[in-house]
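A.B. asks: Dropping the structure in here first, questions after.
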Amino acid sequence: MNLRPQIKNTIIEFICLLFVLLFVYASTNKLLDYENFRVQLGQSPLLSAFAFWISWLVPLLELIISFLLIFRSTRMCGLLLAFNLMIMFTVYIFIILHYSSYVPCSCGGILEKMSWNAHMLFNFIFIALAVIAIVLHRNNDSKIKNAKLTATSIKTMILSSFCSVLTVVILYICSEKIMHYSNPFQRRYPKNTAVNLQQIDLKFNSYYIAGFTKGRLYLGNFSNPQILTSFDNNLGNKKIVKINFDPGNIPFQNVTLCVRENYFYLKDGMVPALFRGSIKDWTINTRLNEMPFFTQAEPIDSTTIIFRNNSGKNMSNRLGIFNYEKENKITYKDSLLEKQIDGIFDTDGLLMYSEHNRKIIYLYYYRNEFVVAEKTGKLVYKGHTIDTTTKAKIKVTTVKKGAGKTMSAPPFIVNAHSFVFKNLLFVNSRVMGKYEDKNTWEYSSVIDIYDISKQTYLFSFSIYNIDGDNLKSFIVDGTYLYALIGNNLAVYKLKENIQNELKSSEIKLR
């Protein structure tokens, strides 16, 4: 560039001043609102696993670069660092816009008001300014002014750009691997994952979710065990179904109903009794005889039930499979549940079955573990939720001279509610992770999503309290999530990021 040295110096000074203003302003905003900045980085789709040290390194580096740009003797070093940092910021934005399942925000001040595309254009402008300043500064400082110096500067910037891009890409790949497969208890909250569409007041808190089939949600009622209330997808078209059944002299104590595909089941594990009927006429026509006592039971198909009872050693929990059509109807799978303290409370949890994957899932209440098994009861793997509670935090006391056991202190609940749909396991966690807002936890229930096929954590979302009440139970049908919250029934639309995960499982099965 054939410019007089005075003009070159003025241009360089002006560009350096712009960078100093930018970096000082950006770093100050990050440090003044450090907790928020760290939380946003912790939920970033690129750098979640490295949020702690990046939250300090970035503002510190911005301040160091600003210091280097002030003095002429260190200005060249400062310009190269500024150029590379802006390249990194730009690559970060590019990956977010093109490869991320959601778009976070981790800027401060007026930069936070920009759209991500505008922010990328802003970065390109400063990259161009850095290039101009580096070329002018290199030529200005040299006694030999020729095209070779410009070419050398360009080669240096190309090499450093490549290193900057490679650094961000490696951080992204490593962070993704850590977050999905060895999560350090950091949740990701994509925006608008579940959007509240509608809610209705049921007036009573005695309802429970019995199932979803043929486009309708069914609720049972503990106060009236033979009645089912159903709604369409949008909680409209309410219908009341009365189960046709003569209980006779059966001493029922705790009757519940569940609806699965073309059948419904009436069950009471304390009798024990298990009946089946068709949803075509809502008439019970079959009693599944010889069913043992059970505390939980889930239908696998019309004749096979996976159940849990306390028939193990010292009344410990065990899982079993009941097949009505076989001669030996009951098969226990004692290896599936792992005792830690007493075998009763420490193995308490939620029993589920995925028709799509033909898998049994058992999620523990008081530790970060779940079991995935084939429908035959053969163990597939033992997975973990992302929290760090590996051992149940409970205190158990023996009462009445060994006649029974009870909790001597309130237990530390890790996983409160769950549901499995196709390849996705939805878990309502009670444990707050890193970089999360305490106020959010007071007014909402957090649901973590895991892919049981890939054995990975995906992301999380919140279901907000209604009238001061939090989540009691929920069910997912793929497009919608239905939740009982106090006396209210709410429906949420599951957005594209969840739909994409469900579609990927369909492709895999094909």
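A.B. asks: Please count how many residues of the stretch 173-204 are at pLDDT 85 or above and out of contact with any strand residue (DSSP E or B) (no Cβ under 8 Å at 6 or more places or on another chain).
C.D. replies: 4
A.B. asks: On the basis of being at pLDDT 95 or above and either more than 16 Å from Leu425 (Cα to Cα) or not in a strand (DSSP E or B) (or both), does Ala490 make the cut?
C.D. replies: yes
A.B. asks: Take the stretch 292-325 and flag every residue that is part of a strand (DSSP E or B), β-branched (Val, Ile, Thr) and closer than 20 Å to Asn254 by Cα.
C.D. replies: Selection gives Ile305, Ile306.
A.B. asks: Sticking with this structure for a sec: Taking into account only those residues within the stretch 1-53 that are more than 30 Å from Ile178 (Cα to Cα) and in a loop (DSSP other than H, G, I, E, B), which is least open to solvent (accessible area, probe 1.4 Å)?
C.D. replies: Leu3
A.B. asks: Only residues that are under 26 Å from the mean Cα position of the chain (by Cα) and among the aliphatic types (A, V, I, L, M): list them for the stretch 188-218, please.
C.D. replies: Once the filter is applied, which keeps residues that are under 26 Å from the mean Cα position of the chain (by Cα) and among the aliphatic types (A, V, I, L, M), the stretch 188-218 yields Ala194, Val195, Leu197, Ile209, Ala210, Leu217.
A.B. asks: Give the residues of the stretch 235-273 that are open to solvent by 30 Å² or more (accessible area, probe 1.4 Å), among the charged types (D, E, K, R) and either in contact (Cβ under 8 Å) with a residue 40 or more places away in the chain or over 23 Å from Ile200 (Cβ atoms) (or both), sorted by residue number.
C.D. replies: Correct list: Lys242, Asp246, Arg260, Glu261.
A.B. asks: Here's another thing I want to ask about it. Check Phe89, Phe67, Phe71 and return the single one that is touching a residue at least 12 places away in the same chain (Cβ under 8 Å) and either of a type in the set (A, V, I, L, M, F, W, C) or surrounded by fewer than 21 Cβ atoms within 10 Å (Cβ to Cβ) (or both).
C.D. replies: Phe89
A.B. asks: Same structure, new question: Across the stretch 158-186, which residue is surrounded by the fewest Cβ atoms within 10 Å (Cβ to Cβ) among those that are aliphatic (A, V, I, L, M) and under 30 Å from Ile447 (Cβ atoms)?
C.D. replies: Filtering first and then ranking leaves Ile173.
A.B. asks: For a quick check of your reading of the model, give me the residue pairs whose first member lies in the stretch 150-162 and is at pLDDT 80 or above, whose second is in a helix (DSSP H, G or I) and open to solvent by 20 Å² or more (accessible area, probe 1.4 Å), with beta-carbon atoms closer than 6 Å and at least 6 apart or on different chains.
C.D. replies: Taking only residues 6 or more apart or on different chains, the pairs are Ser160/Asn84; Ser161/Ile87.
Yes/no per residue for (1) open to solvent by less than 10 Å² (accessible area, probe 1.4 Å); (2) over 25 Å from Ser230 (Cβ atoms); (3) in contact with a helix residue (DSSP H, G or I) (Cβ under 9 Å, 6 or more places away or on another chain); (4) at pLDDT 95 or above:
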{"site": "His417", "(1), (2), (3), (4)": "no, no, no, yes"}
{"site": "Phe426", "(1), (2), (3), (4)": "yes, no, no, yes"}
{"site": "Glu436", "(1), (2), (3), (4)": "no, yes, yes, no"}
{"site": "Ile449", "(1), (2), (3), (4)": "yes, yes, yes, yes"}
{"site": "Lys454", "(1), (2), (3), (4)": "no, yes, yes, no"}
{"site": "Tyr457", "(1), (2), (3), (4)": "yes, yes, yes, no"}
{"site": "Ser460", "(1), (2), (3), (4)": "yes, yes, no, no"}
{"site": "Thr479", "(1), (2), (3), (4)": "no, no, yes, no"}
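A.B. asks: While we're here: Out of the stretch 317-328, which residues are open to solvent by less than 60 Å² (accessible area, probe 1.4 Å) and in contact with a Leu (Cβ under 8 Å, 6 or more places away or on another chain)?
C.D. replies: Answer for the stretch 317-328, where residues must be open to solvent by less than 60 Å² (accessible area, probe 1.4 Å) and in contact with a Leu (Cβ under 8 Å, 6 or more places away or on another chain): Asn317, Arg318, Leu319, Phe322.
A.B. asks: Could you check the stretch 274-285 and list, in sequence order, the residues that are in contact (Cβ under 8 Å) with a residue 12 or more places away in the chain, assigned to a strand (DSSP E or B) and open to solvent by 10 Å² or more (accessible area, probe 1.4 Å)?
C.D. replies: Within the stretch 274-285, Phe275, Arg276, Ser278, Thr283, Ile284 qualify.
A.B. asks: If I ask for residues that are part of a helix (DSSP H, G or I) and touching a Ser or Thr at 6+ places or on another chain (Cβ under 7 Å), which ones from the stretch 176-209 would you list?
C.D. replies: Answer for the stretch 176-209, where residues must be part of a helix (DSSP H, G or I) and touching a Ser or Thr at 6+ places or on another chain (Cβ under 7 Å): Met179, His180, Tyr181.
A.B. asks: For the stretch 339-380, which strands (runs of 3 or more DSSP E) that fit wholly inside it have 3 or more residues that are among the β-branched types (Val, Ile, Thr) and open to solvent by less than 10 Å² (accessible area, probe 1.4 Å)?
C.D. replies: Of the strands (runs of 3 or more DSSP E) lying wholly inside the stretch 339-380, none has at least 3 residues that are among the β-branched types (Val, Ile, Thr) and open to solvent by less than 10 Å² (accessible area, probe 1.4 Å).
A.B. asks: Still on this structure, I have one more. Give the residue, chosen from Glu298, Glu290, Glu327, that is acidic (Asp, Glu) and closer than 30 Å to Thr406 by Cβ.
C.D. replies: Unique residue meeting the criteria: Glu298.
A.B. asks: Quickly run through the stretch 445-469 and pick out the residues that are of a type outside the set (Val, Ile, Thr), within 18 Å of the chain's Cα centre (by Cα) and not in a strand (DSSP E or B).
C.D. replies: Selection gives Ser453, Lys454, Gln455.
A.B. asks: In addition: So, Ile96, is that one at pLDDT below 90 and open to solvent by less than 30 Å² (accessible area, probe 1.4 Å) or not?
C.D. replies: For Ile96, the condition - at pLDDT below 90 and open to solvent by less than 30 Å² (accessible area, probe 1.4 Å) - is met.
A.B. asks: While we're here: So which residues in the stretch 291-311 are of a type outside the set (S, T, N, Q) and surrounded by 18 or more Cβ atoms within 10 Å (Cβ to Cβ)?
C.D. replies: Within the stretch 291-311, Met291, Phe294, Ala297, Glu298, Pro299, Ile300, Ile305, Ile306, Phe307, Arg308 qualify.
The values are calculated or read from the model by the stated rules, or taken from the named source; none is laboratory data. As the structure is a computational prediction, the values presented were derived from the model and not from experiment. No Cβ is skipped: glycine too gets one built from the backbone with ideal geometry, and neighbour counts run over all protein chains shown. What goes into the accessible areas is simple: the full protein's heavy atoms, side chains included, and nothing from ligands, DNA or RNA. Shrake-Rupley method; radii C 1.70, N 1.55, O 1.52, S 1.80 Å.
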